[in-house]
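A quick write-up on the structure given underneath.
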Amino acid sequence: MATALESSGAKTRRLAELREFLMSRRARVSPSEAGLPDGGARRRTPGLRREEVAVLAGVGVSWYQWLEQGRDITVSPQVLDSVARVLRLSPAERRHLYVLAALNPPALEPAPEDRDMCQGLRRLIDAWMPFPAHIMDRYWNTVLYNDAAAIVLGMRPEITQNCLIAFFTDPLYRARSKGWAELAPKVVAQFRSACSECPDDDGFQAVVEEAKAASAEFAELWERRDILPGGQNRKEMEHPLVGELVVESTQLTVPARPDLVIVLHTPLPVADTAAKLEWLVSPEGRRGAMYPVAG
């Protein structure tokens, strides 16, 4: 059903687009793909007939006809999912169907053909060198990071591979972070915002419980129930080899992979940060990092 705030003109356009969208998707599914006899030359309808979609989806023929005609009828997520299955909709198309039917759309899942994007994303963060960059999944588990993230942020295999938990438990990162106490509430609020996008996902709750067990500071901040969208954070660090570094971390998403978050760190024009980062990833800087230095 349309929301109370939707204008009559917007509603008319939405229902018209719903009609055209369903007709176009139905036309591209052949009977054989749906497990039906194709009818040979006698069949004049491209793709499936309305009655066939209704039967395969387990809904009434009249109801599906009204839906495709763009009538203002009540729909449920379960019925839309059945229609999406019969019409072989992609995750993006299924979400679009929800929007056209005026229902809250489900979280966008990556399409099978987009799941193998890690090589391209690896090239992206490596091209960001000499500046730190890393990639997280929706639970903030570390997926990839470049050399600068290891050298500057201390990202390494032996620590907990979850950015939220590592923020509170990694002594090396905390020793280098000058504004840790000011940044911590923002980090927790941004993670809670990410949780709110997928309220039925137990994976977020598992991370929260682990973080609570590992850090009393996190547990206290979590109870504040603050919400902030993932965006930009200013990070001030004290690196043992070059001293002060000031960067701005920016969270980015790729529509084809909504389960991933790219975090790029850009040097701010403070404390000669850009030049220091370039030196840290140079051969001379890497040799310096080989020797034990506190922090």
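Values as computed for the structure displayed
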read-out: Placed amide H near His239: partners under 5 Å, 5+ positions off or other chain; value: Glu244, Leu245
read-out: The chain, accessible area per residue, ligands and nucleic acids excluded (1.4 Å, Å²); value: 52
read-out: Those lysines that a straight Cα-Cα span of less than 29 Å connects to Lys212, excepting residues fewer than 8 apart in one chain; value: Lys178, Lys186, Lys235
read-out: Dipole of the chain, positive direction: furthest Cα of Val281, Asn104, Leu18, with charges on the beta-carbon; value: Leu18
read-out: Sequence-separation-based contact order of the chain, relative, with Cα cut under 8 Å and 6+ spacing, percent; value: 15
read-out: Other-chain or far-sequence residues with amide H under 5 Å of Leu144's (modelled H); value: Ile135
read-out: Percent accessible area from carbon and sulfur atoms, the chain, protein chains only, probe 1.4 Å; value: 54
read-out: Relative contact order (%) - criterion: Cα under 8 Å, at least six apart; region: segment 187-228; value: 69
read-out: Karplus-derived 3J(HN,Hα), 6.51/-1.76/1.60, for each residue of segment 269-283, Hz, glycine and proline x; value: x, 9, 6, 6, 4, 4, 5, 5, 5, 4, 5, 4, 9, 6, x
read-out: Cα gyration tensor shape for segment 54-135, rounded if a/c is under 1.5, else prolate or oblate; value: prolate
read-out: Global form of segment 99-238, assessed from the alpha-carbon gyration tensor, a/c cut-off 1.5; value: oblate
read-out: From phi via Karplus (6.51, -1.76, 1.60), per-residue ³J(HN,Hα) for segment 228-237 in Hz, x at Gly/Pro; value: 9, x, x, x, 10, 10, 8, 10, 10, 10
read-out: Dipole axis of the chain (+1 Lys, Arg; -1 Asp, Glu on Cβ), positive-most option in Leu268, Ser177, Gly154; value: Leu268
read-out: In Hz, Karplus ³J(HN,Hα) per residue of segment 202-218 (6.51, -1.76, 1.60; θ = phi - 60°; x = Gly, Pro); value: 5, x, 5, 4, 5, 5, 4, 5, 5, 5, 4, 5, 8, 8, 5, 5, 4
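The values are calculated or read from the model by the stated rules, or taken from the named source; none is laboratory data. Source: prediction; values computed, not measured. Every residue, glycine among them, receives a Cβ derived from its backbone with ideal geometry; neighbour counts consider all protein chains shown. Ligands, DNA and RNA are stripped out before the accessible areas are found, and what is left, the full protein with its side chains, is counted by its heavy atoms. Shrake-Rupley method; radii C 1.70, N 1.55, O 1.52, S 1.80 Å.
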